[in-house]
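Chemist: Mind looking over this structure? Questions follow.
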Amino acid sequence: MASDQTSKDFTPDITVLYCGRSLAEPDSAKQGTMQTDGCRVKLVLLPCSSKMEVPQMLHLLKQGADGLVLAACPEGACRFLVGNDRAAKRVEFARGLLEQAGMGAARLVLDRGAGRDLDSLLALAQRQAQEVGPLGPNPLKGVNAR
Amino acid sequence: MKNLNAATKLEKVLTAGEFALTVEIGPPRGPNPEPVRQKAALLAGLADAYNVTDNQTAVVRMSSIAGAKILLDQGLEPVMQMTCRDRNRIAMQSDLLGASALGLRNVLAISGDHQSASAGGKLNGHPGAKSVFDIDSIQLLSVIKGLRDQAVQAGGDSITEPAPFFIGAAWTPLGPPVEFRVTRLAKKIAAGADFIQTQAVYDMDAFGRQLALAHDQGLTEKAFILPGIIVPRSAGMLNYMNRSVPGVVVPQELIDRMKQASDPQAEGIKITLELIEAVRALPGAAGVHLQAIEAEELLPEIIEAAGLRPRPEV
Amino acid sequence: MITAEWKPIEELVSSLAGYRNVLLVGCATCVAECAAGGEREVQTLAPLLTMALAKQGQEINIRTATLERQCEPEFYDDIAEAAAEVEAIMSLACGIGMQLMAEQFDPLPMLPGVNTTSLAIREEPGLWTTRCAACGDCVLGETFGLCPVSRCAKSLLNGPCGGTRENGKCEVDPDTDCIWRLIVERATARGRLDALATVRQPKDWSHSQHGGPMRMVREDLR
Ligand code: SF4
Ligand code: SF4
C-alpha cells in the first residue's frame, strides 16, 4: 500500500527517456529495466526528446516511477531544430505542476548532453535517485503499476 | 464679458482675461477634516481655485465632494474632480446635484486611473474592485452640460432647475498617439468643457506646437487652457516622470540642470519660474495649474516670485 | 473562442476531497483551443490530481472523457454509462458547458475545473488576448474593427485616456497595446481620422449582462 511506504529508505525507480541522437554510437541503444547502484533504472529510447508530452510524463509518474529524466541533445543540436527546446519548456511546465501537486518538482528533470553511452545514462539515473531520495517514494508506487 | 455659466471666481478671472492660477489639494486617507483645513490655511489667497482630487490613483480617500465643501467653508474656491471609474451615470448625476446643492460650482471630469493603480508601494489598494466606466470623461462632460444648459438628465428626464457648473476637463497634450490629442481636446470642448487643465508640461516646444494647433482650430477661443506645471524636486523625480508618467516629456537639459545643481530645491524653483514665464508667452494659455507634490509649502514663495500675487479681485 | 484557465491545482485537489470515483470531462472545442480543457489537459490533470491526492493519502480513481462539445446535449450519450458509476464529475468546459453538465446528470455534483475568462483570440502560440465582451451593442463599425469596449481597460468610447504609455501600451499592462492607439493608427492609415472626431454618446449597456440575463427569442424557430 503506497501510503504506508513513508520511509525515505527505499530503492528509487528511475525512468530515463533519452533521445537516440544524443548517443555516441546510435546503434548502441539499450532499452529495458536494470539495476544499478542505488536505484532501479528503466531506459526508454526516443527518436527525439520532443516526443514526450506533458501528459505522458505525468502518466509515467502516476504509474509509480519515483523520478524521471528526459535526456535531450545539447542546445542547438536537435535534428528537428527546436525539438529539445520544446522538451525543455514542457519539462519546466510539468515541474511546476508537480510542485503545485505537492509531489515535488525534482521528480522530473531535463538533461542536455551528447555522446551518451550506457554508463552515462545510468549515471544520470543515479544522480536523479539522489535528488528524489529526500522526497520519499512516489505515493503511487506499486498501486498503478499494472 | 460674455454670459457666465456659473460665475465662479475661476470663471470670472478667466473671462476677464487675467492669467489664472489653480493648485491642487488632495483629500486625506481618513475621516478627519483637519488636514484639509490646514492645507487650506497654508494656501489661502494664493490661487483662484483649488482642485480637489477624486480618489487619485484609485486610492481610497475622503470624497472630493466633502473635501471641496470643506475648502468652500474655509473661503477657498474648489474645483471638484470627478472620475468615471467608480460611479455609473445615476450616481454621478446624483452627486452632481448634491454638489450643486452644497454650492460647488467648478467641476472637472476625468476618466480616472484604473483601480489596478491603487496597489503599489505600501498599499494593498483595491485592484480587485469592479470598475464602472459606464460613461467616459467626454460623455460625462456632456452630461454635466445637459444638467446645466437644458436642466435635463442623460436619460432625457428633466430636473427641477438647471445646475450651474463651470465645467473642466483634463488634457494630456503629449501622450501617444500625439496626432490625436488635439482632436481629443476638441471633442472635450465640443462636449462641454469650459476650461482645460493639462498634464504636466516640461517640453515647452512640443507643448507649444500642440497648443498652436489647438489655437489654429479656434479651440483656445472656446475654452480656457491652463497648462500644468509640477515643481521639480530632484533629477530623479524628473527622470521618473519622463520614463514612467504617461504623456510627460522632460527635456534632458532640465534633468541635467537638476543633476548638476548644488541646491536642487532652488534650481527646481528657478525652473518652475521659467516654465511659468514660458507659458505666459504662449498664445492661448489662459493660466497655469501649479502643483508641488508633497511640498505645498514651496508654493507661496514660487507664486510670489512669479509675480502672480496678489490674485485679481473679480 | 471562449477562453478558460485551470483553477489552481490546490483548489482542484481540495474540491476532490472525499471522492473515490470521479469522471473528468473535457471539451474538444473552445477550451481545447486555449489549452485548458481539451483531451491533452484531461490527460494531464487526471494523473496529476491522482498523484496529489495519493500524496495526501486519498485513493481516487479518475476516469476521463472528452466530449466534442459540452454545450450541446446531443454529445452526452458517450459518457452516460460512466456517469452512472461515479460520485462526481469534474468538468473542464467553459461556464456554459459546465452548467449543461450539471443539468444533464443532476443530482450528481459537478466540480468546476476551470475559470472561464474571456472571449478571445489565439494571437500567437501560447498567447490569447481578449477581443469581445458581448456588450450587445457593437461599435466595431465606428472603431475600424478594433473593440474599445473589451480591449480598453476603461471601455472608453471617445479616444485614449491620458494613460497611454510612451511605447503605445496601456497604462494598466505594459504588454497590452492601448487599443485606442491602434484605432487611431488604423484610422490614420485609411485617411479617416476625422471619423473619430465625433463625440459618441453614452452607450446603452442594457443589451449586455448589465441588463440582466439575456433571453433571445426567434419565433420562426420555436
Ligand atoms: S463592441 Fe461590443 S459586441 Fe462589438 S466586439 Fe466590442 S464588446 Fe463585442
Ligand atoms: S491606455 Fe488606452 S487602452 Fe489603456 S485605459 Fe487608456 S485608453 Fe484604454
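Chemist: Does any residue in the range C:203-219 that is away from chain B (no Cβ under 11 Å) come within less than 9 Å, Cβ to Cβ, of a residue that is of a type in the set (A, V, I, L, M) and loosely packed, with under 12 Cβ neighbours inside 10 Å six or more places away or on a different chain, and which pairs are these?
Modeler: Between residues of the range C:203-219 that are away from chain B (no Cβ under 11 Å) and residues that are of a type in the set (A, V, I, L, M) and loosely packed, with under 12 Cβ neighbours inside 10 Å, the close pairs are C:His207/C:Met214; C:Ser208/C:Met214.
Chemist: Further question: Against the definition (in the same structural domain as C:Asp78 (by TED's automatic domain parsing) and away from ligand 1 (no atom under 16 Å from the Cβ)), how does C:Glu185 come out, yes or no?
Modeler: no
Chemist: Something else: Taking C:Thr44, is it closer than 26 Å to C:Ser118 by Cα, of a type outside the set (A, V, I, L, M, F, W, C) and in contact with a Lys or Arg (Cβ under 8 Å, 6 or more places away or on another chain)?
Modeler: No; evaluated as a whole, the condition is false for this residue.
Chemist: Right, something else. Exactly one of (1) out of contact with any Phe, Trp or Tyr (no Cβ under 8 Å at 6 or more places or on another chain); (2) within 14 Å of chain B (Cβ to nearest Cβ); (3) more than 14 Å from ligand 2 (Cβ to nearest atom) is unmet by C:Pro125. Its number?
Modeler: With respect to (1) out of contact with any Phe, Trp or Tyr (no Cβ under 8 Å at 6 or more places or on another chain); (2) within 14 Å of chain B (Cβ to nearest Cβ); (3) more than 14 Å from ligand 2 (Cβ to nearest atom), C:Pro125 is out only on (2).
Chemist: Which numbered condition trips up C:Pro160, out of (1) over 20 Å from B:Val249 (Cα atoms); (2) within 11 Å of ligand 2 (Cβ to nearest atom); (3) buried (at least 22 other Cβ atoms within 10 Å of the Cβ); (4) touching a residue at least 24 places away in the same chain (Cβ under 8 Å)?
Modeler: Going through the list (1) over 20 Å from B:Val249 (Cα atoms); (2) within 11 Å of ligand 2 (Cβ to nearest atom); (3) buried (at least 22 other Cβ atoms within 10 Å of the Cβ); (4) touching a residue at least 24 places away in the same chain (Cβ under 8 Å), C:Pro160 breaks only (1).
Chemist: Find all pairs meeting these conditions: Cβ atoms under 7 angstrom apart; at least six residues apart or on different chains; first residue within the range B:78-106 and within 13 Å of another protein chain (Cβ to nearest Cβ); second residue among the aromatic types (Phe, Trp, Tyr).
Modeler: Listed pairs, sorted by first residue: B:Cys84/B:Phe133; B:Arg85/B:Phe133.
Chemist: Taking the condition outside any strand (DSSP E or B), among the charged types (D, E, K, R) and either more than 7 Å from every other protein chain (Cβ to nearest Cβ) or within 16 Å of ligand 1 (Cβ to nearest atom) (or both), does C:Asp175 pass?
Modeler: Here the answer is no, as C:Asp175 does not meet what is asked.
Chemist: Based on this model, can you work out whether C:Arg122 counts as assigned to a strand (DSSP E or B), modelled with pLDDT of 95 or more and either near ligand 1 (Cβ under 9 Å from one of its atoms) or in the same structural domain as C:Thr188 (by TED's automatic domain parsing) (or both)?
Modeler: no
Chemist: State whether the residues of the range C:137-146 include one that is touching a Ser or Thr at 6+ places or on another chain (Cβ under 8 Å), within 16 Å of ligand 2 (Cβ to nearest atom) and within 26 Å of B:Asp86 (Cα to Cα).
Modeler: Among the residues of the range C:137-146, not one is touching a Ser or Thr at 6+ places or on another chain (Cβ under 8 Å), within 16 Å of ligand 2 (Cβ to nearest atom) and within 26 Å of B:Asp86 (Cα to Cα), which makes the answer no.
Chemist: On to the next question. Does C:Cys178 meet the test of being closer than 19 Å to B:Thr57 by Cβ, within 8 Å of ligand 2 (Cβ to nearest atom) and either aromatic (Phe, Trp, Tyr) or touching a Cys at 6+ places or on another chain (Cβ under 7 Å) (or both)?
Modeler: yes
Here is a yes/no grid of residues against (1) under 18 Å from B:Gly112 (Cα atoms); (2) surrounded by 24 or more Cβ atoms within 10 Å (Cβ to Cβ):
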position	(1), (2)
B:Lys130	yes, no
B:Gln150	no, no
B:Ala154	no, no
B:Glu161	no, no
B:Phe166	no, yes
B:Pro173	yes, yes
B:Val182	no, no
B:Lys188	yes, yes
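Chemist: Something else about it: What number of residues within the range C:49-64 satisfy the criterion of being facing chain A (nearest Cβ under 7 Å) and either touching a Lys or Arg at 6+ places or on another chain (Cβ under 9 Å) or assigned to a helix (DSSP H, G or I) (or both)?
Modeler: Result for the range C:49-64: 5.
Chemist: On the basis of being within 14 Å of ligand 2 (Cβ to nearest atom) and not in a loop (DSSP other than H, G, I, E, B), does B:Ile138 make the cut?
Modeler: So B:Ile138 fits the description; yes.
Chemist: Follow-up question, since we're still on this one. Please pick out the residue among C:Arg181, C:Arg190 that is free of Cβ contacts under 8 Å to residues at least 60 places away in the same chain, more than 12 Å from chain B (Cβ to nearest Cβ) and more than 22 Å from B:Asn88 (Cα to Cα).
Modeler: C:Arg190
Chemist: Restricting attention to the range C:127-154, and to residues there that are over 18 Å from the mean Cα position of the chain (by Cα), assigned to a loop (DSSP other than H, G, I, E, B) and touching a residue at least 40 places away in the same chain (Cβ under 8 Å), which single residue is farthest from ligand 1 (Cβ to nearest atom)?
Modeler: C:Phe144
Chemist: Do you know which of the residues in the range C:12-68 that are of a type in the set (Val, Ile, Thr) and under 22 Å from the mean Cα position of the chain (by Cα) is nearest to C:Thr129 (Cα to Cα)?
Modeler: C:Val31
The values are calculated or read from the model by the stated rules, or taken from the named source; none is laboratory data. Just so we're clear, the structure is a prediction, and the values are computed from it rather than from any experiment. As a convention, Cβ positions derive from the backbone with ideal geometry for all residues, glycine included, and neighbour counts pool all protein chains shown.
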